[in-house]
Amino acid sequence: PLQIVVRSAFTLGCCFGELKARTVWLGCPEKCEEKYPKNAIKNQKYNIFTFIPGVLYEQFKFFLNLYFLVVSCSQFVPALKIGYLYTYWAPLGFVLTVTVVREAVDEFRRYKRDKEMNSQLYSKLTNQRIPSDMVFLRTSEKTGSCFIRTDQLDGETDWKLKVAVSCTQRLPALGDLFSINAYVYAQKPQLDIHSFEGTFTREDSDPTVHESLSIENTLWASTVVASGTVIGVVIYTGKETRSVMNTSNPKNKVGLLDLELNQLTKALFLALVALSVVMVTLQGFVGPWYRNLFRFLLLFSYIIPISLRVNLDMGKAAYGWMIMKDDNIPGTVVRTSTIPEELGRLVYLLTDKTGTLTQNEMIFKRLHLGTVSYGTDTMDEIQSHIINSYSQNSGNSTSSTPSRKPQLSAPKVRKSVSSRIHEAVKAIALCHNVTPVYESRAGVSGETEYAEVDQDFSDENRTYQASSPDEVALVQWTESVGLTLVNRDLTSMQLKTPGGHILTYYILQIFPFTSESKRMGIIVRDESSGEITFYMKGADIAMSTIVQYNDWLEEECGNMAREGLRTLVVAKKSLTEEQYQDFESRYNQAKLSIHDRNLKVAAVVESLEREMELLCLTGVEDQLQADVRPTLEMLRNAGIKIWMLTGDKLETATCIAKSSHLVSRTQDVHIFRPVTTRGEAHLELNAFRRKHDCALVVSGDSLEVCLKYYEHEFVELACQCPAVVCCRCSPTQKAHIVKLLQHHTGKRTCAIGDGGNDVSMIQAADCGIGIEGKEGKQASLAADFSITQFKHIGRLLMVHGRNSYKRSAALGQFVMHRGLIISTMQAVFSSVFYFASVPLYQGFLMVGYATIYTMFPVFSLVLDQDVKPEMALLYPELYKDLTKGRSLSFKTFLIWVLISIYQGGILMYGALLLFESEFVHVVAISFTALILTELLMVALTIRTWHWLMVVAEFLSLGCYVASLAFLNEYFDVAFITTVTFLWKVSAITVVSCLPLYILKYLKRKFSPPSYSKLTS
């Protein structure tokens, strides 16, 4: 639990000014003159005033809609008026209404989510995220420090130790915080989460107390307090907190398909202008020709279909609905409904590690003693060995190993397996930095939490705390085989044997783990026998030179690493009293030296680290999420390149890359050496260039250097790698890498993550996917798509991505075809009748044509699928074809244009050839044939029939036949019912559609697409 005593001015005023340093008085909010931002998160794109202008701008930014607005407005000019106003305004109004409503719904959902987050009231938090940036004043822990989890902020799995301000920690009681006269000065808010400068000043003491504050006195927002209770004073709120400053602003994402269609509409516009100019030229520029030019532009304006946007937007909504309703990927939410087609075009997938690929739960997997290895299924043997060795031992008072009395000079006899296991387990149980914590029983309230509670060492309420989850896993394992860590303070620790005896060890020295030394050591004295032992554990690289010569360590470490286990080597050395006293005096002397203190201390410790006895090798596994391996395999086969960006350490990242099969077993891994200067970067890039087909592992700092000097070369090399792992990445770096890939390759990127540190990367990518994890929902709220498990991404891309893209491509081109065909007919009609700018079809026929008569069958294309979902998942290689973008290109578009011109010409000339007496008949024959042709063309385009498609076809036909009765101002009803009318219509329709059916059949026979080979 975390208590926050809020004493800064939490005023609601919001200054949009520059970021300032501030002074916060404890308990005196009235002393704050400045106004600071309120502590709220905001994911909305608009506010109440910018909503309508913002949405309209987003709409008219598209060339298509702007064009229609101009056309519709021109109808108010009497000279240009063609037909009825509603023929132009009704479709435009409909489009805008649909869009505004959709945006409003999205925006309202965001508002509700934010409100839910912001309305949480805080005074005391239990296992919740810290709501704002604070300075840590006081804790219930006696040491004056506590652990916090920062996985949401920087993606690191290790817990961090934070220290309370000593002045306030020393106050006798909690209430004294309000009576002292003190303030905190904090620097202005900045991006870097790993640094902070400030001071704490208490004025009413004599002399005045000044204390400098650094990063270890802070509790940043969205971290969690893991131990004890803490009290803090708020220094940064809202958008000045570190976690918010590290997230970028959400941008409006536009899919590639929409951009491609926008290009095509521009091409159509040019065609429209050209056609109108040709018409006026053929007319011979007689009379007011510019007015005629404008009238032609309006007549042919149907070349550019306004219903394109409506159909696509409704299609997108339908895809979103299908994704959410898919039972195979339950809990999936589509938050940005405008880009489902992007899921079908991805080339790069950038994934987070912690919580996305792994569960962040460590499990002890293997103990290797050189001659014998124990796995998860043989742990019970270890347990029985331990029980035996301690039960023999309980007879005599000493607790040393049964067979050996403390005789250091005795010759080394090959020890029995039992005693070696005993030694190894004891070493693992002693050599660590873990503290057992006991939850005090219920009924202990408020202030008395600080009082000493009688602790019983019962197993129910014990939890372990340490900065790294690996250490906890090791200690939990020794507990499971019978040797339990029950108590620890600064000078001693106590172990409980299987028989219930308590063994006490005094801690004489401890050498903590650092990233340079890659090892930790501890010297303990056994209370009962007085033996002094130096235990050490660390990475195999560091330990291989320290332990005595052996022939198995390197090989076994390699074997475990290939399985993706994190390995630690454990060793020990027995010291005599004299040896230890000698060491202690040299060690203390080194600690007092002024120059090169660290070097001297390290040298003294190294004098002990020689010829140590190798005890065992341990392997701990970070459990992967369900089905990560098959999913990554599938994505790789689909031609998607996977990059892993993580805030975690290099070793951990490499391990997971191997165990998740991100890097296949046969591949080499090239670890990019740390570089700081231009020259080093150049050499290292050259070394990497010589390697072929190997995965790249690079750390954030080296990456920064390479991008500064050799951006283009680095990205080019990295893109050729089958897999790339970037470790120690800050949130902003992750987003930067995404933007780099977009900029250099021009390919579509997708980012997937689960923590607050992935938000900027998710928002920067073309398509962001968030996983709802144990970590909270920050990433899934900011993402475009939110899933519950990593494995769902396979189906999301292979099935839904594929379908959305294929369907939208077909739909978009069909709608264009629908507009082109009627414009061709208009052109033929005008040219036959002396280039008159007179509409062929009046008022309702035009509106009905684009809506009620053909709307349902055309829209039913969103139910079409070329491959069954099972096939798409079985053959992910099919996905590769999509990324080439062949479903919608200038080539396919030109084919549709030619089809439209052919059909429009046939329909119009046919009607003109076959009509006898009255002009009205031309309209009737051609319009009926046109509707029939459209319905048949839909049937031709469909690849897999769905019952709704059939319903739509017949429904539209029914609507048309029914409406003929009311349209007597356009049609001669007596003529429609004759047999001649029917045969003429049928003849024209057959001529316009039959050749296309024959062509399609031949094409499928002679060059079938790849998917049809699989389905046959």
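The values are calculated or read from the model by the stated rules, or taken from the named source; none is laboratory data. Note that the coordinates shown come from a computational prediction; the quantities given were computed from them, not determined experimentally. Please note: Cβ atoms are built from the backbone with ideal geometry, for glycine as well, and neighbour counts cover all protein chains shown. We work out accessible area using only protein heavy atoms, side chains counted, and drop any ligands, DNA or RNA first. Shrake-Rupley method; radii C 1.70, N 1.55, O 1.52, S 1.80 Å.
Before moving on, here are some points about what is shown:
- Close pairs (6 angstrom Cβ cut-off, 6 or more residues apart or separate chains): under 21 Å from TYR875 (Cα atoms) and touching a residue at least 60 places away in the same chain (Cβ under 8 Å) in segment 997-1016, β-branched (Val, Ile, Thr) and surrounded by 10 or more Cβ atoms within 10 Å (Cβ to Cβ) anywhere: TYR1011/VAL867
- Put simply, of ALA735, ALA718 the only residue that is under 24 Å from CYS655 (Cβ atoms) and either open to solvent by less than 10 Å² (accessible area, probe 1.4 Å) or free of Cβ contacts under 8 Å to residues at least 12 places away in the same chain (or both) is ALA718.
- Enumeration of residues in segment 916-937 that are surrounded by fewer than 20 Cβ atoms within 10 Å (Cβ to Cβ), touching a residue at least 40 places away in the same chain (Cβ under 8 Å) and small (Gly, Ala, Ser): none
- Subset of segment 468-488 (residues that are open to solvent by less than 10 Å² (accessible area, probe 1.4 Å) and either modelled with pLDDT under 90 or not hydroxyl-bearing (Ser, Thr, Tyr) (or both)): ALA473, LEU474, VAL475, VAL481, LEU483, LEU485, VAL486
- The selection criterion, being open to solvent by 60 Å² or more (accessible area, probe 1.4 Å) and among the hydrophobic types (A, V, I, L, M, F, W, C), holds for LEU592.
- Selection status of ILE386, part of a helix (DSSP H, G or I), touching a strand residue (DSSP E or B) at 6+ places or on another chain (Cβ under 8 Å) and at pLDDT 60 or above: no
- Scanning segment 632-661 for residues that are out of contact with any strand residue (DSSP E or B) (no Cβ under 6 Å at 6 or more places or on another chain) and either open to solvent by 10 Å² or more (accessible area, probe 1.4 Å) or part of a strand (DSSP E or B) (or both) gives GLU633, MET634, ARG636, ASN637, GLY639, LYS649, GLU651, LYS658, HIS661.
- Check on PHE60, open to solvent by less than 70 Å² (accessible area, probe 1.4 Å) and either touching a residue at least 12 places away in the same chain (Cβ under 8 Å) or within 32 Å of the chain's Cα centre (by Cα) (or both): yes
- ALA318 falls short of the stated requirement of being touching a residue at least 12 places away in the same chain (Cβ under 8 Å), part of a helix (DSSP H, G or I), over 22 Å from PHE94 (Cβ atoms) and open to solvent by 10 Å² or more (accessible area, probe 1.4 Å).
- When GLY54 is tested against (1) surrounded by 14 or more Cβ atoms within 10 Å (Cβ to Cβ); (2) within 37 Å of the chain's Cα centre (by Cα); (3) within 21 Å of VAL273 (Cβ to Cβ), exactly one condition is not met: (3).
- All positions within segment 63-74 that are open to solvent by less than 30 Å² (accessible area, probe 1.4 Å) and either touching a Cys at 6+ places or on another chain (Cβ under 9 Å) or without any contact (Cβ under 8 Å) to a residue 60 or more places away in the chain (or both): SER72
- Only residues that are over 20 Å from VAL961 (Cβ atoms) and open to solvent by 60 Å² or more (accessible area, probe 1.4 Å) were counted in segment 975-1010, giving 13.
- Of all residues in segment 706-748, those that are of a type in the set (Phe, Trp, Tyr) and under 26 Å from GLY885 (Cβ atoms) total 0.
- Any hit, segment 89-104, residues being under 30 Å from SER222 (Cβ atoms), surrounded by fewer than 18 Cβ atoms within 10 Å (Cβ to Cβ) and modelled with pLDDT of 80 or more: yes
- Filter pass, ALA827 being without any contact (Cβ under 8 Å) to a residue 40 or more places away in the chain and more than 30 Å from LYS1013 (Cβ to Cβ): no
- Residues located in segment 328-345, provided they are part of a loop (DSSP other than H, G, I, E, B), closer than 13 Å to ILE793 by Cα and open to solvent by 10 Å² or more (accessible area, probe 1.4 Å): ASN328, PRO330, GLY331
- Counted residues, segment 984-1016 - those being assigned to a helix (DSSP H, G or I) and in contact with a helix residue (DSSP H, G or I) (Cβ under 9 Å, 6 or more places away or on another chain): 19
- Residues in segment 595-626 that are open to solvent by 70 Å² or more (accessible area, probe 1.4 Å), touching a residue at least 60 places away in the same chain (Cβ under 8 Å) and of a type outside the set (Asp, Glu): ARG610 only.
- Condition met for ALA779 (open to solvent by 10 Å² or more (accessible area, probe 1.4 Å) and among the small types (Gly, Ala, Ser)): no
- If only residues of segment 505-548 that are β-branched (Val, Ile, Thr) and open to solvent by 20 Å² or more (accessible area, probe 1.4 Å) are counted, the one that is modelled with the highest pLDDT is ILE507.
- Scope segment 826-869; condition under 18 Å from LEU85 (Cα atoms), among the β-branched types (Val, Ile, Thr) and over 51 Å from the mean Cα position of the chain (by Cα); matching residues: VAL838
- GLU33 fulfils the conditions (1) in a helix (DSSP H, G or I); (2) open to solvent by 40 Å² or more (accessible area, probe 1.4 Å) except for a single criterion, (1).
- When the criteria are applied in full, ARG441 fails the requirement of being closer than 27 Å to ILE523 by Cα and either modelled with pLDDT under 90 or in a strand (DSSP E or B) (or both).
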